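Student: So that we are looking at the same thing, I have put the structure below in C-alpha cells.
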Amino acid sequence: MKNLLYCFLLLLLTSCTSVKQMTLLQGPASASQQPAYPEIIIEVGDELHIAIQALSQTAVAPFTTATNTYMVDTKGQIELPTLGAISVLGLTLNQVEEVIMDKLQNNLQNAFVEVSFLNAAVVVLGEVKQPQRIGVNKPISIFDALGVVNGLTPNARINAVEVLRKQDNQVVKYILDLSSSEVFQSPCYYLIKGDVVNVRPLRAVSSNK
C-alpha cells in the first residue's frame, strides 16, 4: 500500500516535469517515520463560521445571526446570540463544536453544530504551476498542497523547499527535501493555517534577452 502511495505522489508532482529532472521520495518510510497529524488551534483574529441546526428552524433563530460569522477577540472569545461569550482560544474546531453543543443542551433539543474557519489558509509560491492561497479547515500535507497548485515547474529545487511558519510570535523557516523519505519526519510535512510554502528555483531566470 505504501509503495502505491509513493507512486501516486511521484506521478502527481512530476506531471509537469521530466522524471530525469526530479526524483521524489527516495526510499520507503518506516512506521516510525510517519508524521504526527497536528490539530489546527484557534487564535486571536480568526474568523469562524458557526452553523447551528435543529429540527425546528424557529427554535434555532435566537442562537444565530444573518451571517453566522464570529471574530475571535483579543480575549480569545466569541460572542454568540443568547449564549453570550465563549472562550475558544487554543481550542480546535471540534472542541468548539462540543462546547457550543453543551451550552445548547438546556435550550435547544437535537441540535447540530458545525464550526469552520473563514480566513485560514496556506500560501504556495515560487516554482509551481499555479501559485495561490489555499483555504484550509484541517492540516494538509505538502504533497496535497502541491497537487492543488498543479505540481512543480521544471525549474523547481525539490531538495530545498522552504516553509515559513509562525511560532511563538516569530517566523521560523523549515527546509523540506522532497526527494527524501525524511520529509515525513518534518513538522511541516502537514501544513497548517498561516504557513507559506516557497518552492525555490534551481537557477535564476535571466532577464536579459
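Rule-based calculations on the coordinates, nothing more; no lab input. Everything quoted here is computed from the prediction, not taken from an experiment. Reconstructed Cβ throughout: ideal geometry from the backbone, glycine too, with neighbour counts over all protein chains shown.
Student: If you place +1 on the Cβ of every Lys and Arg and -1 on the Cβ of every Asp and Glu, how big does the dipole about the Cα centre of region 47-117 come out, in debye to the nearest 20? Provide the component values of the computation, followed by the final result.
Tutor: Details: 2 positive and 7 negative charges, 26 e Å.
That gives a dipole near 120 debye.
Student: Which part of region 61-89 falls in the paramagnetic zone of A54, meaning amide N under 13 Å from the point 7 Å along Cα-to-beta-carbon?
Tutor: Under 13 Å, as judged by backbone N against the label point of A54, lie 61-64, 82-83 of region 61-89.
Student: Quick query: amide H of D46 versus all other amide H atoms, modeled in the peptide plane; which residues come in under 5 Å with a sequence gap of 5 or more or a different chain?
Tutor: Answer set, sorted by chain and number: V72.
Student: Among 121-128, 56-63, 42-49, what's the highest-first ranking by average C-beta atoms within 10 angstrom per residue?
Tutor: On the way: 121-128: 19.8, 56-63: 13.1, 42-49: 16.2.
Answer by packing, highest mean first, reads 121-128, 42-49, 56-63.
Student: Name the residues whose placed amide hydrogens come within less than 5 Å of the amide hydrogen of K166, ignoring near sequence neighbours (fewer than 5 apart) on the same chain.
Tutor: It is V172, by chain and number.
Student: In addition: Can you work out the Karplus-derived ³J(HN,Hα) for every residue in region 193-199? Use 6.51 cos²θ - 1.76 cosθ + 1.60 with θ = phi - 60°, whole Hz, and x for glycine or proline.
Tutor: Taking θ as phi minus 60°, the curve returns 4, x, 5, 10, 9, 10, 8 Hz for region 193-199.
Student: So between M101 and I175, what do we pick up on full extension, going 0.36 nm a residue minus the alpha carbon distance? Please report the intermediate quantities before stating the final value.
Tutor: Values: separation 74, 0.36 × 74 = 26.64 nm, distance 4.08 nm.
Contour length minus Cα-Cα distance gives 22.6 nm.
Student: Once label points are set 7 Å from the Cα along Cα→Cβ at both K129 and I41, what is their separation, rounded to one decimal in nm?
Tutor: Taking the two extended label points, one gets 3.7 nm.
Student: For region 47-117, what D do you get in µm² per second when you plug the Kirkwood radius from alpha-carbon pairs into Stokes-Einstein at 25 °C and 0.890 mPa s? It would help to have the intermediate numbers written out before the result.
Tutor: Details: Rh = 12.2 Å.
For the chosen part, D equals 201 µm²/s.
Student: Okay, next question. Name the long-range amide H neighbours of L125: under 5 Å, sequence gap of 5 or more, or other chain; modelled H, no Pro or chain starts.
Tutor: Here V197, N198, V199 satisfy the definition.
Student: For region 82-89, what does the Karplus curve 6.51 cos²θ - 1.76 cosθ + 1.60, with θ = phi - 60°, yield as ³J(HN,Hα) per residue in whole Hz, taken in order and with x for Gly and Pro?
Tutor: Couplings: 6, 7, x, 6, 10, 7, 10, 4 Hz.
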